[in-house]
Structures are given as structure tokens and as C-alpha cells.
Amino acid sequence: MPEETIAEGLKKSGVSRRDFLKLSGLLAAAMGLTNVPPVSASGLPPRLGRGYSVNRVIAKALETRPRLPVIWLEFQDCAGCSEAITRSNSPTLVNLVLNTLTIEYHETLSAAAGFQVEQAKQDAMQRYAGQYILVVEGSIPVADDGVYCTVGGRTALDLLQEAAAGAAAIIATGNCASFGGLPKAKPNPTDAKGVWELITDKPVVNIPGCPAIPEATTGTIAHFAIFGTLPELDGLHRPMPFYGVTVHDRCLRRPFYEAGKFALSFDDEGAKKGYCLYKLGCKGPTTYNACASIRWDTGLSFPVQSGHPCLGCSQPDFWDGGGFYQGQSAPLDRPELAAIGAAAAAGAALGVGATLVNQAKKKAKGGE
């Protein structure tokens, strides 16, 4: 691993001690952390003890843990998740991942090209074997020996298996890498698959979405960089801080749903008044994601707030899920609703964290 710690890298970038401690708190909120995870499960230095606040735990980890090498591969994709991260408005998390950590390889963002950048990837995989995070964007085709996606004459499956062999953990960002996405839609001529269908001997985290919410990807990477472990995952291998409850559970239009007030077309009076879009096919009640908390563009909006139904893009096979504009069955008898209070609290912390991150950036620009 690189000898320089995360804190040393931040200091070189001009981050003061005071700002460093603020950053620790912002990271805690942005990752949905409200208390210190058990020492036995966190991977933190054992002497920290449980008496430390989560902010102090993160600060200590940033001071002691080396920078984390990241290798980022792209296959059957549109580069939308990379675009989303570079345009994210949670700059502290994004700066941590793109600048403070060691991005050893990224096909789209690398300055070098051709044999130079490919050699850099090979060198990184050898130097940091067993230590780097592998981020995968895009699905992997396996039909006809994988000929439908090749890079430098090698198939996506071959490149994935090679890079996965030396990875400490794998993060599949976007619905394509997580569940196959659009390439897997019927009739799926390339037999596209998600990473977790092909790599079964390594921990795989799915960050679905089309594209994935940038803070969900960077927050998960930051969690591993700080704690040395992955966050708690659900049954689909999605991190609970970002996928713990549905879009519907935290939607600003939910009161209209409870009151039975629905938009029946995109231009009727109900739509103009912001009524629930359930009868226009909104899949928010069955879609687990943090869209309603983090939102997009500095927390400005998300599809439902903008007047468009949720398409369920963080769920498996969303493209073939029965039509985007057909009314959905109300899933309000879900057993997990009994625990929504606790999950919503974590979601609220996450949303507050994203807001605080943005406010800190604005203050820094203003010289405050």
C-alpha cells in the first residue's frame, strides 16, 4: 500500500486540522453513520475503544490508514456512473475518492492511453495485490465467448476475472454492473450479466441505479477506506445506508398518497398540485434507493419531485418490469415497514450529511 496516510494526503492538499475534524463529521453523516460500529466488525485499530464518538473514530482512521488503491473498469455501459461521480455535488466525498485516494486506473478519466495505461493497471494489480478496491461499471456479456465487449482484444469477462482475483472487494456501480441493466433487457442477445453472477469468491457490493447516485458509490468506497470493511448489505448486496428503505418511504409526495390524491395524467390539476404519481406508474413503493434523501444537483431535485414517476432503476430487471407508466400494486403490507422508523433515521442522517458537505464546500469557496 502507499505509505502516505489519508490524513497526510489531505494535509498536502491544504486541509487544516480544524477542517480535517469537520471533514470527519461530514463523512460520518454522509455515510449514514450515527454511532461507532463494533470494533470486532469495523476493522479499526483495537485501541480506539467504544467510548470514542464516530467523528473521532473516523478522524483516527484517516490518520492511520494508508490511501486506498482503486482500479475502475468499464464494460457494457454508457459511462453514466463515471459522469455522475465527476459531476456530483457532494465534493468532499468525491474529492476523497478521486483525488485523495489512489485511483490507479480508470479508462475514461486516465490521462494516458493505450499500452501506457494498460501497463499501469498491470503494475497496480501486482503492487497492491489483495489490497485494492475494484470498481466495475457496465454489464459483462458471456454469449459467444464474450465477443460482444472486448478491450484491447480481451473480453470483458477475462478482464473482470483477472482484476477480481487480486481485489480486496468489488463494487459494482450502476444497474448494468449490479444486475445487468439495459444490456440484459429482453431478449438479452449478448447474455449480459451482473458482476455478482460471475464473481462468487470475493465480496461484491451492488450500487444500482441508472446512473448510480454518486454519493452511494463514493460513500461505500470511503467506508472501506476508513474502516477497512464494507457497510451492512441487504439481500441484493446493496449498502443499507443508501438502500435501507424505499423511495416511497421518504418521498415528499407520500402525504398525497396517504390522502388518496393522485395525478391521473401528466398535465391534469393533480399533477400541477404535486399529487402522488402512483397511478402514473411510479415504482417508488417497490424501489429501494436514497433518491428522495440525497437527490441530485446539490440536493435540488429527483425524478419524482420533478414530476416524473420513479422507474425503479435500482431494482433488478427494471427495464422489463411491467411497463414504466402502468400503475403499481400498493406494497404497504411489507413486513419491513415495522422497522421504517430506524431506517428513516439513518436516511435522514445521510441526507443531512450530503447537505452539510455542500455547505462546507460553499463556505470554503467563500473563504469563511
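The values are calculated or read from the model by the stated rules, or taken from the named source; none is laboratory data. Since we're looking at a predicted model, the values are computed, not measured. We place every Cβ from the backbone using ideal geometry, glycine too, and count neighbours over all the protein chains shown.
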Residue within the stretch 160-168 that is free of Cβ contacts under 8 Å to residues at least 12 places away in the same chain and assigned by TED's automatic domain parsing to the domain that holds Cys81 present:
yes
Which condition from (1) surrounded by 23 or more Cβ atoms within 10 Å (Cβ to Cβ); (2) at pLDDT 75 or above is the one that Cys78 breaks?
(1)
Enumerate the pairs (first residue in the stretch 267-283 and in the same structural domain as Gln326 (by TED's automatic domain parsing); second residue anywhere and among the aromatic types (Phe, Trp, Tyr) and surrounded by fewer than 16 Cβ atoms within 10 Å (Cβ to Cβ)) with beta-carbon separation below 8 Å, excluding pairs fewer than 6 apart on the same chain, so at least 6 apart or on different chains.
Leu280/Phe266; Leu280/Tyr325; Gly281/Tyr325
Do you know which of the residues in the stretch 212-237 that are crowded, with 24+ Cβ neighbours inside 10 Å and within 14 Å of Asn175 (Cα to Cα) is modelled with the highest pLDDT?
Ala212
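State all residues of the stretch 131-158 that are assigned to a helix (DSSP H, G or I) and in contact with a Phe, Trp or Tyr (Cβ under 8 Å, 6 or more places away or on another chain); if no residue qualifies, say none. Don't jump to the end; show me each part of the working.
To start, the set of residues in the stretch 131-158 that are assigned to a helix (DSSP H, G or I) comprises 143-146, 156-158.
Ala156, the sole residue that qualifies.
Pick from Gly180, Gly174, Gly166: which is in contact with a Cys (Cβ under 7 Å, 6 or more places away or on another chain) and at pLDDT 95 or above?
Gly174
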Pairs, first within 22 Å of Thr108 (Cβ to Cβ) in the stretch 129-149, second polar (S, T, N, Q) and outside any strand (DSSP E or B), C-beta under 7 Å, six or more apart:
Glu137/Ser82; Pro141/Thr190; Tyr148/Thr190
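Would you confirm, using the coordinates I've provided, whether Pro331 is in a loop (DSSP other than H, G, I, E, B) and either under 20 Å from the mean Cα position of the chain (by Cα) or modelled with pLDDT of 90 or more (or both)?
Details: in a loop (DSSP other than H, G, I, E, B): yes; either under 20 Å from the mean Cα position of the chain (by Cα) or modelled with pLDDT of 90 or more (or both): no.
Criteria not met by Pro331.
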Taking Asp249, is it under 30 Å from Ile103 (Cβ atoms) and modelled with pLDDT of 90 or more?
no
